[in-house]
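Below: one structure, written as structure tokens.
The values are calculated or read from the model by the stated rules, or taken from the named source; none is laboratory data. The structure displayed is predicted, hence computed values, not measured ones. Note that we place each Cβ from the backbone using ideal geometry, even for glycine, and neighbour counts take in every protein chain shown. With ligands, DNA and RNA removed, areas are computed over all heavy atoms of the protein, side chains included. Shrake-Rupley method; radii C 1.70, N 1.55, O 1.52, S 1.80 Å.
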Amino acid sequence: MLWPPPSPSPDPATGITDAELERLYDYPSGLDRPWVQVNFVSSVDGAVTVGGKSRGLGNPADKKVFGLGRDLADVVLVGAGTALIEGYQGIKAGEVRRERRARLGLAEVPPIAVVTARCSIEPTSPLLTDTSVPPIILTTSSAPVSRRDALAAAGADVVVAGEDAVDLRAALRALDSRGLRRVDCEGGPTLFGALIADDLVDVLCVTFAPLLTGGDAGRIAVGPLPAAPRDLELASILRYESALLLRYVRAGA
């Protein structure tokens, strides 16, 4: 069963039209604070990677929703480990993205904001050398000054948020001060776990791939236990073949 029901002329990857998909995954209007929407894919037995990367879990529908998350965001938030492992570079403006973002009054492409306590991104990273928008580096005062200066010299917007660990509330305030409130978080598990602990997750979009992977792959969130589990409400279900794409929102949001 598919919910919401399919449209008369659905996209084969998702079962609904692009307009309906945009409506489902869009951010609330009139935001007065950063709204964090987290995107993950997992096997049905809870693995977040296959062979060390998330790509082995994806499917056409998941990739479409992943791209839509970027289309609708002011900024893409990602941990340094995920950015390095997955080979991140600057986001490109494709034809569909350009039309959609212009219609929504957004910048042509969103910047990528990288969370890295030790400023571990190299100035030669594709995040800086293959991008039309400088990345934002969210780091700490304990990160080596030479690394911070090198990234700033390479064009990055370097933000110090915290002393030894990145203070995510301060980091989101820095994004907010730049007018970046529609936050699309692409992981990884450590960043997601920290966002949960600080009660900063507004939406979770998770795809369950019909795979049993076994092994020792991690789960989608790792980190300190919050004071209490965070309540969510199921907002939508999409099915692609045997995969499920679920969207949960903060309870009472």
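Within the range 218-251, being open to solvent by less than 70 Å² (accessible area, probe 1.4 Å), in contact with a strand residue (DSSP E or B) (Cβ under 9 Å, 6 or more places away or on another chain) and assigned to a loop (DSSP other than H, G, I, E, B) holds for ILE220, ALA221, ALA251. Of the helices (runs of 4 or more DSSP H) entirely within the range 75-151, those holding at least 1 residues that are of a type in the set (D, E, K, R) occupy 95-103.
If you go through the range 184-200 and keep only what is within 14 Å of PHE40 (Cβ to Cβ) and open to solvent by 20 Å² or more (accessible area, probe 1.4 Å), you end up with PRO189, THR190, ILE196. Taking the numbered list (1) without any contact (Cβ under 8 Å) to a residue 40 or more places away in the chain; (2) small (Gly, Ala, Ser); (3) crowded, with 20+ Cβ neighbours inside 10 Å; (4) touching a strand residue (DSSP E or B) at 6+ places or on another chain (Cβ under 7 Å) in turn, ALA209 passes all entries but (1). Taking the condition under 23 Å from VAL78 (Cβ atoms) and either open to solvent by 30 Å² or more (accessible area, probe 1.4 Å) or within 20 Å of the chain's Cα centre (by Cα) (or both), does GLY215 pass? No. Checking ARG181, ARG173, ARG169, ARG148 one by one, the residue that is modelled with pLDDT of 95 or more, open to solvent by 20 Å² or more (accessible area, probe 1.4 Å), within 16 Å of the chain's Cα centre (by Cα) and among the charged types (D, E, K, R) is ARG181 and no other.
Scanning the range 51-74 for residues that are in a loop (DSSP other than H, G, I, E, B), of a type outside the set (D, E, K, R) and touching a residue at least 24 places away in the same chain (Cβ under 8 Å) turns up GLY52, GLY58, ASN59, ALA73. Of everything in the range 208-217 that is of a type in the set (A, V, I, L, M, F, W, C) and not in a strand (DSSP E or B), the residue that is modelled with the lowest pLDDT is ALA217. When the test is whether a residue is among the aliphatic types (A, V, I, L, M) and under 21 Å from the mean Cα position of the chain (by Cα), ALA107 passes it.
Flag not set for LEU84, criterion: free of Cβ contacts under 8 Å to residues at least 60 places away in the same chain, open to solvent by less than 40 Å² (accessible area, probe 1.4 Å), of a type outside the set (S, T, N, Q) and on the phi < 0 side of the Ramachandran plot.
For the range 33-48, filtered to residues that are assigned to a strand (DSSP E or B) and over 16 Å from ASP62 (Cβ atoms), the residue that is most open to solvent (accessible area, probe 1.4 Å) is TRP35. If the condition is being under 20 Å from GLU186 (Cβ atoms) and among the β-branched types (Val, Ile, Thr), then the range 82-128 contributes THR82, ILE85, ILE91, VAL96, VAL109, ILE112, VAL114, VAL115, THR116, ILE121.
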